[in-house]
Amino acid sequence: MDTSNGKRFNLRRYYSLVSFAFILLIAIALGWISHHFAVAELLSLSEQKNVALATTFRNSLWPQFDQFVRKSYGLSADSLKASPELPILRNHAVSLMRDTDVVKIKLYNLDGVTVFSTDIKQIGQQKRSNGGFQAARIGHVASELTHRDTFDAFEHVIEDRDLASSYLPIQDESGDIVAVFELYSDITRFVQQMEEALFYVVGTVVLLLAALYAVLYAVVARAHRIILRQRQSLEIANSLLDTRVRERTTALVEANRDLSEKIIERRRAEEEAKLLLIEKDAILNNIAEGVAFLCSRTVLTCNQQMEALFGFHEGAFIGKHINRLFGALYRQSGLTRDILVELKQGSIFRRELELARRDGTCFWAELTVRPLAMDMPGGSVWVVSDISERKKAEERMRLAAKVFDNTQEGVTITDRDTQILAVNKAFTEVTGFTEEEVLGMRPSLLQSGRQDRTFYDEMWRSLDQCGQWKGEIWNRRKSGELYPEWLSISTVRNDSGEVSHYVGVFSDITEIKRSQEKVSFLAYHDPLTQLPNRLLFHDRLAQAIQRAEREETMFAVFFIDLDHFKNINDSLGHHVGDRLLKTVAEQMSAQLRKADTIARLGGDEFIVMVEEIDGAHDAALVAEKLTAVFQKPIALEGHELYVTSSVGICLYPLDGADPNTLVRNADAAMYRAKNHGRNQFHFYEQEMTAYAFERLELESAVRKALANEEFFLCYQPLIDLGTRRMSGAEVLVRWNHPEQGVLPPARFISLAEDSGLIVPLGEWVLRTACRQLRAWRDDGFDVPRVAVNISVRQLERKGFAALVAAILDECGLPASSLELELTESVLMETEEAFEVLEELDALGVRLSVDDFGTGYSSLSYLKRLPVHTLKIDRSFIMDVAEHGNNQAIVRAMIAMAKTLGLEAVAEGVESAGQAEFLTGEGCDQAQGYLFGKPVPSDAFRLAWAAAEV
Ligand SMILES: Nc1nc2c(ncn2[C@@H]2O[C@H](COP(=O)(O)O[C@H]3[C@@H](O)[C@H](n4cnc5c(=O)[nH]c(N)nc54)O[C@@H]3COP(=O)(O)O)[C@@H](O)[C@H]2O)c(=O)[nH]1
């Protein structure tokens, strides 16, 4: 018998286990129940018996004990034990107990004191809390069974026998309880009898159950055997059935297979026949070529491709004459004849030719005509292949080959093992190797040795991973010469993705490299002198700082500016200026060590860095060497040029710790050298920076002042020395500084010029002066003209003449009302200014040369300028009255002005003597404190309006 989990069910074992467990349980239960009821019964019987005994003993003993108990109250245990009545009472009690089961008698007074006990030790013991005593005290009878070896709850001792004890109340005549009587009987024998009886009962039951178990076991064992037999028969029957079913199934499958094979065989035969037909059609219709079978020039059959090739629909050729098929073909002269000749000879005709489609378009085809003499006399197979694509590919190949041969880049084709398969002409031109010399070799024959292993490893890694590599590489020509090339290598893979070839395309970049070097040289060098430029100088300066910091050394920076270089440019032309710069650069370089750096910053500015000097003294020696270059005249293009230079020196680390500071401070020192009269060198001092900052602050203040209208104009009269009348007014700007009060132009004009602020300031002066003149004139105060100082910066501005014209127009003034004063140096500085002066002259504006005598203007130069007035500088006028040295100079200046047709104006006339001398010498006009100081417009008007102008 199988269970659901496959294990065989054993009925016998199952029964024996289960029934044994049940019988055991029943036996235990029966034992417990019988024992329980037996004990209860025993207790009840013992109690009844003991109570009866106790009652008898109490009734017999009480009359003797009555007085004894009543007296017991308040007595101690010892007093009680020592009581004289006690032995008598005890004898009486013991005599009563004799031949009975009573083993002890006790008597308690109502306080719970054991007044009497046959066991003398217990007399005097306190039993008030005893349960039996308490029950009897209130009139109940209480009993207890104490088994052997158990604890006596009443007596609180472990008994060595089975005892029954009972407490009985003792009442007096009136029924009041006066004492408690207790009696103990030995029930050991009785208990033994009970237990024996119980043992027999339980034993009998167990035996009966065992017998029952055995009988049932026999029945179950028999049933088990029957089941086993039946199961075996069933299994045999099952196995027989299975074998039969298997045999039948096998026979069926085989029969089926035979049938299927026959069916498949038949179908295959049919399919094959069909397939042969389809295959034939498929082959014919799916090959790229057009195929036609002809007999006696008639198409028996042809594939779709043949018709499609010529642009006909399916079936269009069948049964048609060859003319229909190859109408175009027949147009080829002599072709038909050629085909027939070949066919007659039993040969195959094959030719590539251009055929025409139905719509007239042409395509390239290969025509093959094969006779079928054996199988079909007069028959032939015509095969037409469209080879247009192949022709195009051939054309492309031809072109590629042409490109390959004619391309400017060298091309190397190698196999997968990097053996050279082909190179082009450019390869030979660049490397010097012919194709024959390199075929089968490896490109490594060009290796220069300049690239290391890592370079080539990286190249191969890129080729393997990305399929290409590009980069610059140095190779060696056949001549041994090294050259740089830009190489691009590509991996060529076949259809299976395996590398089949490598193609390297390269160009010789020697020339590009040279140009790059040139460009990079130009980026860091001055093209004129070939000296390092500012960028490179700053770079070297930064490196020098690092070195000096590391080695704790000192170095010097020299800022060199040529004095009046502009004059040479303007007067002798830029080409002379350039040559001078080159010569000076070479001569200065010659004075320096190789380790020193000389750079041109631009214009006529040079900068030199001399490392590892011991201090200012060393630097001064170098500066002397540099300035010594300029001591001798420089001969250029027939001129002997005397050039001087101003040199500013600063020292690292004393005067600056970074390139910008060092250059700036050397520049500041150079300016100091210039301000001190040029042609000298000057060391940097701390105050120069302070001065530079001051100038910066001032510059921003000037900017604000312009916006806040803090500037105002003063006017100083110009006097006609002949008539002593006011002939005009020079306009002089002042700055009403909010904190420092009124500031003279010397404090801010040069700064405004440097910063470019002079342009808006100058325009404001010009416009305000013209407006003032307009206002005066409108007011009846006819000032002949105003003379306005103009800075070179204004003149350089495009459209200055137009601006002047616009302002004059705006104010409605004729141009002759305005005189523009330009310093001699301004006029000398700008060649461009010349054109502007011409424009101003054309406008009709008067021009005067201010501070005449302080510059270097030559007579010839002045003659070219469209000026009208020469203003002799104040420094010459100062001592003319005292017959000083300047008398002759002033006389000559006045004479020169006359010669040039110009008016002469003397500046700074402070005394009548000066005025007299000037008048005597024919000077036209004068200006100075003698006639009037510069004053604001109102004061000027007040002073001169009343005078006869
Ligand atoms: N581009 C501009 N430059 C201007 C402008 N305003 C003035 N300036 C230039 O500032 C120079 C100084 O001018 P200033 O301090 O006003 O001095 C002038 C006179 O006050 C002074 N002067 C005149 N007479 C005497 C004299 O008898 N004694 C004496 N010690 N000084 C005298 O000379 C200055 C005028 O000289 P000049 O211009 O050469 O005629 C000034 O020279 C201008 O260059 C301006 O708006 N734009």
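Values quoted throughout were computed directly from the atomic coordinates according to the rules given, and no laboratory measurement underlies them. In this text, all values refer to a predicted model and were calculated from it rather than measured experimentally. Ideal geometry is used to build each Cβ from the backbone, glycine not excepted, and the neighbour counts take in all protein chains shown.
Observations on the model:
- The chain - mean residue ellipticity at 222 nm from DSSP helices (-39,500 (n - 2.57) per run, n ≥ 4, rounded to 500): -16000 deg cm²/dmol
- The chain - charge dipole about Cα centre, Lys and Arg +1 at Cβ, Asp and Glu -1, debye rounded to 20: 6080
- Reach of LYS392 by Cα under 19 Å, taken over aspartates and glutamates that are not fewer than 8 positions away in the same chain: GLU289, GLU352, GLU354, GLU366
- Modelled spin labels at GLN451 and ALA288, positioned 7 Å past Cα toward Cβ, are 4.0 nm from each other.
- Proximal aspartates and glutamates relative to LYS470, as straight alpha-carbon distance under 15 Å, when same-chain residues fewer than 8 apart are discounted: GLU409, ASP457, GLU458, GLU485, ASP508
- The separation of the stretch 54-80 from the stretch 600-628, counted between C-alpha centres, amounts to 149 Å.
- Checking the cross-link pairs LYS478/LYS518; LYS320/LYS344; LYS798/LYS933 against a 31 Å limit on the alpha carbon distance flags LYS798/LYS933 as lying beyond it.
- Under 15 Å, Cβ to Cβ, from ILE749 - net charge with Lys/Arg +1 and Asp/Glu -1: -4
- With Cα atoms, 0 to 90° folded angle of helix 886-900 axis to the chain main axis: 80
- Net charge over other residues, Cβ less than 12 angstrom from the Cβ of HIS868 (K, R count +1; D, E count -1): -2
- Relative to the longest principal axis of the Cα atoms of the chain, helix 388-406 runs at roughly 60 degrees.
- Contour minus Cα-Cα distance for ASN660 and LEU75 (0.36 nm per residue): 197.7 nm
- The calculated FRET efficiency for ALA888 paired with PHE712, based on their beta-carbon distance and R0 = 45 Å, is about 0.65.
- Selected from ALA895, LEU696, ILE187, residue furthest toward positive end of dipole (the chain; charges at beta carbon): ILE187
- Calculated FRET value between GLU458 and GLU437, using beta carbons and R₀ = 35 Å, to 0.05: 0.75
- Between the stretch 629-662 and the stretch 472-513, the Cα center-to-center distance that results, in Å: 52
- Prolate/oblate/rounded label for the stretch 525-684 (Cα gyration tensor, a/c 1.5): prolate
- Relative contact order for the chain, counting Cα pairs under 8 Å that sit 6 or more residues apart, in percent: 5
- Across the chain, the longest piece that holds none of the chymotrypsin sites (Phe, Trp or Tyr not before Pro) lying in DSSP loops with up to 14 other C-beta atoms within 10 Å covers 74-641.
- Dipole orientation for the chain: of the candidates PHE317, THR118, TYR14, TYR14 has the Cα lying most toward the positive pole (charges on Cβ; Lys, Arg +1; Asp, Glu -1).
- Spin-label model distance (nm) - GLU517 vs SER700, 7 Å beyond Cα toward Cβ: 5.0
- Orphan Cys of the chain, criterion: no other Cys C-beta under 4.7 Å: CYS295, CYS302, CYS362, CYS466, CYS650, CYS714, CYS923
- Computed extension length for GLN408-ARG189: 64.7 nm, one decimal, from 0.36 nm per residue of separation with the Cα-Cα distance subtracted.
- Förster radius 56 Å - calculated FRET efficiency between GLU271 and VAL492 (Cβ-Cβ, nearest 0.05): 0.80
- Summary of the geometry: the stretch 399-418 and the stretch 689-733, compared by the centres of their Cα atoms, lie 79 Å apart.
- Summing charges over neighbours of VAL180, with a neighbour being any other residue whose Cβ is under 12 Å away from its Cβ, gives +3 when K and R count +1 and D and E count -1.
- Cα gyration tensor shape for the chain, rounded if a/c is under 1.5, else prolate or oblate: oblate
- Three-way shape label, the stretch 864-949, alpha-carbon gyration tensor, a/c 1.5: oblate
- Point-charge dipole on Cβ atoms (K/R +1, D/E -1) for the stretch 698-948, about Cα centre, debye to 20: 280
- In the chain, the sites counted are GluC sites (Glu not before Pro) in DSSP loop states with at most 14 other Cβ atoms within 10 Å, and the longest stretch holding none of them, exclusive of the sites, is 740-947.
- Cross-link partners of LYS274 among aspartates and glutamates (Cα-Cα below 15 Å; sequence separation of 8 or more within a chain): GLU265
- The long axis of helix 188-286 is offset from the longest Cα principal axis of the chain by roughly 40 degrees.
- The stretch between HIS321 and VAL245, if pulled fully straight at 0.36 nm per residue, gains 20.2 nm over its current Cα-Cα span.
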